[in-house]
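Everything below concerns the one structure shown next.
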Amino acid sequence: MAIRNIRTNDDPILRKNSRKVEEIDRRTQILIDDMFDTMYDAGGVGLAAVQVGILKQVIVIDTDQPGERLVLINPEIIATEGENNTPEGCLSIPGKAGYVTRPDKVTVRAMDRDGNVYEKTGTGLLAKAFCHEIDHLSGVLYIDKVNKWINDEE
């Protein structure tokens, strides 16, 4: 397992669409393990493969709650509920934070690291992480959705 370089906001790869994973092979497993290591090393809650320069629909999330260390391959949001306007940041946009309105409850469908399809519903931080990381797969950054910067820095 290895720590990979996290791409930052000036890297054009972050604005590209990620491709669906067609086969979960050894390289995919290594990517997943490296992504967890990289996310933990950077102190993050979630990481999309595009953030380490790989245009595949792979996400890792760990909110530090039981049952919330997740691998999401080819994820899709299938239901949302409510609304929450809370501070948000990103490992690819260091030093900035702003308020983003997201659903308070989100249900996703994805494959785990073994290719098993599952559904998971999250609220609060997990719901925010689902939305934030899935946005990355379409080249959307949270800075595109900020309605107020912390400390009105912008």
Additional length obtainable on full extension of the chain from Ile3 to Asp64, 0.36 nm per residue less Cα span: 20.0 nm
Carbon and sulfur atoms: what percent of the 1.4 Å accessible area of the stretch 25-130 do they account for? 44 percent
Shape of the stretch 8-99, Cα gyration tensor, a/c cut at 1.5: rounded
Accessible surface, the chain, averaged per residue in Å² (probe 1.4 Å): 51 Å²
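Only sites in a loop by DSSP and with at most 14 other Cβ atoms within 10 Å count here; which GluC sites (Glu not before Pro) in the stretch 63-113 make the cut?
Passing both the DSSP loop test and the Cβ count: Glu83.
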Determine ³J(HN,Hα), in whole Hz, for all residues of the stretch 44-59 in sequence, where each value follows from phi through the Karplus function 6.51 cos²θ - 1.76 cosθ + 1.60 and θ = phi - 60°; x replaces Gly and Pro. x, 10, x, 7, 9, 4, 4, 5, 10, x, 10, 8, 10, 7, 10, 9
Which loop-located trypsin sites (Lys or Arg not before Pro) does the stretch 1-109 contain, where loop means any DSSP state but H, G, I, E or B and the Cβ has at most 13 other Cβ atoms within 10 Å? Lys16, Lys20
Options (i) 26.3, 88; (ii) 14.6, 45; (iii) 18.1, 54 for Rg and Dmax of the Cα atoms in Å; the value derived from the coordinates is listed as (ii)
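I'd like the antiparallel share, as a percent to the nearest 5, of DSSP beta bridges with both residues in the stretch 21-95.
Working: 9 of 9 bridges.
If I count the DSSP bridges inside the stretch 21-95, around 100 percent turn out antiparallel.
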From DSSP H assignment alone, runs of 4+ in the chain each adding -39500 (n - 2.57), the sum over residues rounded to the nearest 500 puts [θ] at 222 nm at -6500 deg cm²/dmol
Connecting every pair of Cα atoms under 10 Å apart in the chain and solving the GNM, the largest mean-square fluctuation among Ala48, Ala110, Ala79 falls on Ala79
The extension gain from Lys145 to Asp37, computed as 0.36 nm times the residue separation minus the Cα-Cα distance, is 36.1 nm
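The values are calculated or read from the model by the stated rules, or taken from the named source; none is laboratory data. Note that the structure is predicted; figures quoted are calculated from it, not measured. Here Cβ is always computed from backbone atoms with ideal geometry, including for glycine, and neighbour counts include all displayed protein chains. Keep in mind that these areas ignore ligands, DNA and RNA; they rest on the heavy atoms of the full protein, side chains included. Shrake-Rupley method; radii C 1.70, N 1.55, O 1.52, S 1.80 Å.
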